[in-house]
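None of the figures in this text is laboratory data; all of them are computed from the coordinates on show. Given the structure is predicted, the values throughout are model-derived calculations rather than measurements. All Cβ positions, glycine included, derive from the backbone under ideal geometry; neighbour counts span all protein chains shown.
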Amino acid sequence: MSFGLFFEEKNRVLRVAELNFAIKQLLENNVPLLWVRGEISNLVKAASGHFYFSLKDDQAQVRCVMFRRRNQLLSDSVANGQQVEVLAVVTLYEQRGDFQLTVEQVRPAGLGVLYERFAQLKSKLESEGLFDTASKRPLPSYPRRIGIVTSLQAAALRDVLTTLRLRLPGAPVVLYPAPVQGAGSAEQIAAAIRTASQRAECDVLIVCRGGGSIEDLWAFNEEVVARAITASAIPVISGIGHETDFTIADFVADERAPTPTAAAQRAVPDRYALLRTLRDLVQHLRRAQRNRLRNVMQTVDYLQRRLVHPAQQLQRQAQQLEQLRQRMQRAYVYRKQHQNWQWQLLAQRLRAVSGDFARLQDRQASLAARLANAMRAAHAQHAAQMENIAQHLVLLDPRQVLARGYSMVQDANGCVMSDASGLVVGAELRITFAQGWARTEVKEAGEK
């Protein structure tokens, strides 16, 4: 039953349960999910895991309940006296008729505005490219001097100095002091960063502070600090708060470390790792020297085996010369015998063919005479054929026909006219004679 129906029936008496139910429906259906700010008081953490407390200010208070499934998600514990902002649903506990807020989320008071400022600045700087990975500068592997921007009273400074002393004892450190929280701290941090950049006396700059609330870390969320880090000529490592804390300075820094101690670890190499690397290099150099010495000794032994006394060398060369002389003598004898065999073979072949030489000469003379007669006959035959062809050409020559009194008639296109049926009165014709030509006009034409 809706709340309006209770007032439509005059003189109706409502039961308490009906009234509470109607008011509960009215509240829950008409009041949206909203944020409420106040101070926590009368906090009770029930055995069931639910939280019951009041949220009050200087003029009023309201009861609240936060069920276990919601309060287990809280990153920080709640306590009496805290100024908080709660995201809640307005409802009514029907059994007692208590008006209350059912809380969904809890955050420290003022964080909503800070988070909004954080998101706006982050979006702005990101759109300008200040977070681009490509613009990040690499850190030096072996910095000659380390700069630190932090407070002189900060516990983070002791952690950083201790870590630097353990990792690389004797590494020079330059401190650029600046307050890390409070009014005006952002401007002083930015000024310290600019001072370090202008002096250029360090190879890497650590900007750090210890953990704290978002309000405590807020100086590192200011635009002036982000601009100073971006403009720094020295690579910057940010080590602000704990591992879960993120600030604008972390996004614009060349490298972000989760803690100040981690920032110091990123800034300098570990001396023990350097010593191990140095020992490895020394061992490698020793092995290389031993191998080189062994190779040289083997080369010397090889050259020593090749080195002989000059008398031995002369004797060996004399032996080689004697061997060459003997080989040349044997080759000469063999060559001479081989030529004798060839001469004898040719002489035998010449003697075998000497009886047929006269017959071959006679055959050659006969063939030469036959060839001469054949060439003369062929020449005479070809001459007669040429003469016959020449006479035929003379008979076929059109000029010979013209010489006998005939003429050749051509039209304007140069075509020879052999039929009068194609002539047109008035057409021009060209007549060619044996000697010269003439142009004429057709006056009359007939087929016969």
Checklist outcome for this item: In whole Hz, the Karplus estimates of ³J(HN,Hα) for the range 220-233 (6.51, -1.76, 1.60; θ = phi - 60°; x where Gly or Pro) are 8, 9, 7, 5, 5, 5, 4, 5, 5, 5, 5, 7, 5, 7
Item to check | Student exercise, the range 122-269 dipole from Lys, Arg, Asp, Glu Cβ charges, in Debye to nearest 20 | outcome: 580
Checklist entry - Relative to the Cα centre, what is the charge dipole magnitude of the chain, using +1 at the beta carbon of each Lys and Arg, -1 at the beta carbon of each Asp and Glu, and rounding to the nearest 20 debye? => result 4620
Item to check | Residue (of V268, W343, Q298) at the positive-pole extreme of the range 238-376, dipole from beta-carbon charges | outcome: W343
Checklist entry - Among the aspartates and glutamates, which fall within straight-line cross-link reach of K122, defined as a Cα-Cα distance under 13 Å, with same-chain neighbours fewer than 8 residues apart omitted? => result D132, E222, E223, D250
Item to check | Integer Hz, Karplus 6.51/-1.76/1.60 couplings in order for the range 147-161, x for Gly and Pro | outcome: x, 10, 10, 5, 7, 5, 8, 6, 5, 4, 5, 5, 4, 5, 5
Checklist entry - Under 5 Å between amide H atoms, partner at least 5 residues away or on a different chain: which partners does E104 have, H built in plane at 1.01 Å? => result L87, A88, V89
Checklist outcome for this item: The answer for the per residue Cα convex hull volume of the range 319-448, in Å³, is 333
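Go ahead and run the numbers for FRET between R63 and R15, Cβ-Cβ distance against an R0 of 25 Å, rounding to 0.05.
0.60
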Checklist outcome for this item: Net charge (Lys, Arg +1; Asp, Glu -1) of residues whose beta-carbon lies under 13 Å from that of S54, S54 excluded, is -1
Checklist entry - Between (i) 119, 54, 38; (ii) 73, 54, 43; (iii) 159, 123, 52, which matches Cα extents along the principal axes in Å calculated for the structure shown? => result (iii)
Checklist outcome for this item: Taking placed amide H atoms and a strict 5 Å upper bound, the residues 5 or more places from I206 or on another chain that come that close are G147, I148, V149, I237
Checklist entry - What is the packing order of peptides 90-103, 397-410, taking the mean over residues of other C-beta atoms within 10 Å and listing the highest first? => result 90-103, 397-410
Item to check | Contour minus Cα-Cα distance for D216 and D411 (0.36 nm per residue) | outcome: 58.3 nm
Item to check | Degrees, to the nearest 10: 111-127 long Cα axis against longest axis of the chain | outcome: 20
Checklist entry - Of A22, A390, A228, which is the most mobile in a GNM of the chain whose springs link Cα atoms less than 10 angstrom apart? => result A390
Item to check | Highest average packing first - 299-307, 59-67, 115-123, Cβ atoms within 10 Å | outcome: 59-67, 115-123, 299-307
Next on the checklist: Let me see the P(r) profile for the range 112-231: every Cα-Cα distance counted, bins of 10 Å, each bin given as a percent of all pairs.
Outcome noted: 12, 39, 36, 11, 1
Checklist entry - Using the per-residue mean of other Cβ atoms lying within 10 Å as a proxy for protection, in what order, highest first, do the peptides 335-343, 209-217 fall? => result 209-217, 335-343
